[in-house]
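No lab work stands behind these numbers, since they all come straight from the coordinates. Quick caveat: nothing in here was measured; it's all calculated off a predicted structure. Glycine gets a Cβ as well: all are built from the backbone with ideal geometry, and neighbour counts include every protein chain shown.
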Amino acid sequence: MCRHLAYLGPPRSLSSLLYEPPHSLERQSWRPQHQREGAMNADGWGVGWWDPARRAEPARYRTAAPMWTDRSFRSVAELVHAGAIVAATRSATPPSPVVSTGNAPFVSGPWLFSLNGFVTGFRGPIGEHLRRAVSEERSVGIEGSADTEVLFALVLDQLDAGVPPPTALTKVTTDVLDATRGRLNFLLCDGHTLTATASGNSLFTLRGAGLADGGVVVASEPLDDHPAWEPVADGSVVVATSDRLDVVAVPSIGDPL
C-alpha cells in the first residue's frame, strides 16, 4: 500500500524523519499503524530533497531493497540536511515488479511525486485507458510500469497546461475514480509548496511543533506521539508551505472504495 511523507521548514537531517522518530518511515515500512491494506512495505523505498543553492531540481535516491535492510544510507541520512524532503516506502501492487523504477518519489524538473495507494484494474483495460490519456511528450518520460508513474504523467500534463497543483491532483483523482476504483493519496512537491490528497488512505499533518517546529510535515502516519498531529478527513486536499497549512474538503475525491 505504501507510506509517504513530506517536510517543509528549516533545514534538518534526513535521518531525523527517516530513522530517528519512534514511528519513523523506516518503522512504518515493517510495522505501519494506519495502513488500510497490506501489513508491510517491503518492496523498496526512496527519498528526494532540494538544495536550492545548488540547483532547482531535487536530488533523489531509490532502491528496491526493503528500507530496514538498506543500512548503507543511514550514515548518508545523518549528514544530509534539507529544508524540503519527500520520502516513501513501497508495497507493490501485484503483479507489479519489485524494481527501483517503480518506487516513489518520481521526479520531473522541480517536482517530486508519490502515490500512497493503487488503481484497481491497472494491469488491464483501465491501465491502457490511462496511458492513452497521457500526452506524447509526457509518455516518453515514463521509465517503468508502475501506476504511480502514469498518474504522475497525467498530473504533469495538467501542470504543463498551467493548472494549479491542487486542481491538477483533484482532476486526475476524479478522472481515475470516474473510470475505476482505487486509493489515491497523492503527494506533490516542488521544494516550496506541497500538495496532498486524502482519497482512500490515512493522512496526517503536523505544523509548527515537534518534528515540524518552524515548518510542516504531511505524512501517511504520525512519526511520534506529539499531540499536535491532526488527521486529514477523507476527500480533502492539503496545501502547505513552511509557514502555512490549508485543508480543503473536496467530496468528489472521497470514499473511492
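Subtracting the Cα-Cα distance from 0.36 nm times the residue separation, let me have the gained length for A249 to E20 in nm, one decimal. Please report the intermediate quantities before stating the final value.
Details: separation 229, 0.36 × 229 = 82.44 nm, distance 3.26 nm.
That works out to 79.2 nm of additional length.
Using a Gaussian network model of the chain in which every pair of alpha carbons under 10 angstrom is joined by a spring, one finds that among V217, V150, V163 the greatest mean-square fluctuation is at V163.
A Gaussian network model of the chain, with springs between Cα atoms under 10 Å, assigns the largest mean-square fluctuation among S108, S29, S220 to S108. Helix 147-160 and the longest principal axis of the C-alpha atoms of the chain enclose an angle of approximately 90°.
Label-to-label distance for D224 and R132 is 5.1 nm, based on points extended 7 Å past Cα in the beta-carbon direction. Between D43, D243, D157, the residue with the greatest mean-square fluctuation in the GNM of the chain (Cα pairs under 10 Å linked by springs) is D243.
By the gyration tensor of its Cα atoms, with a ≥ b ≥ c the square roots of the eigenvalues, what is the shape of segment 1-152: rounded for a/c under 1.5, prolate for a/b over b/c, or oblate? It is oblate, given that a/c is not under 1.5 and a/b is not larger than b/c. Given R0 = 25 Å, the distance between the Cβ atoms of M40 and S100 translates into a calculated FRET efficiency of 0.85. For Rg and Dmax of the Cα atoms in Å, the value computed from the atomic coordinates appears in the list [x] 16.5, 47; [y] 17.2, 59; [z] 23.8, 78 under label [x]. Take 166-175, 230-239 and order them by the average number of nearby Cβ atoms within 10 Å per residue, most first; the result is 166-175, 230-239. Annotation for A209 and D160: the two label points, set 7 Å from Cα along the Cα-Cβ direction, are 4.3 nm apart. Adding -39500 (n - 2.57) for every DSSP H run of four residues or longer, then dividing by how many residues the chain holds, sets the calculated 222 nm ellipticity at -6500 deg cm²/dmol. Under 5 Å from the amide H of R36 lie the amide H atoms of S202, each residue being 5 or more positions distant or on a separate chain, with H modelled from the backbone and absent for Pro and chain starts. Dipole check for segment 3-253: with +1 at the C-beta of Lys and Arg, -1 at the C-beta of Asp and Glu, and the Cα centre as origin, the magnitude is about 360 Debye. Karplus-based coupling profile of segment 72-84, in residue order and whole Hz: 5, 7, 4, 5, 5, 4, 6, 9, 7, 10, 8, x, 8, with θ = phi - 60° in 6.51 cos²θ - 1.76 cosθ + 1.60 and x standing for Gly or Pro.
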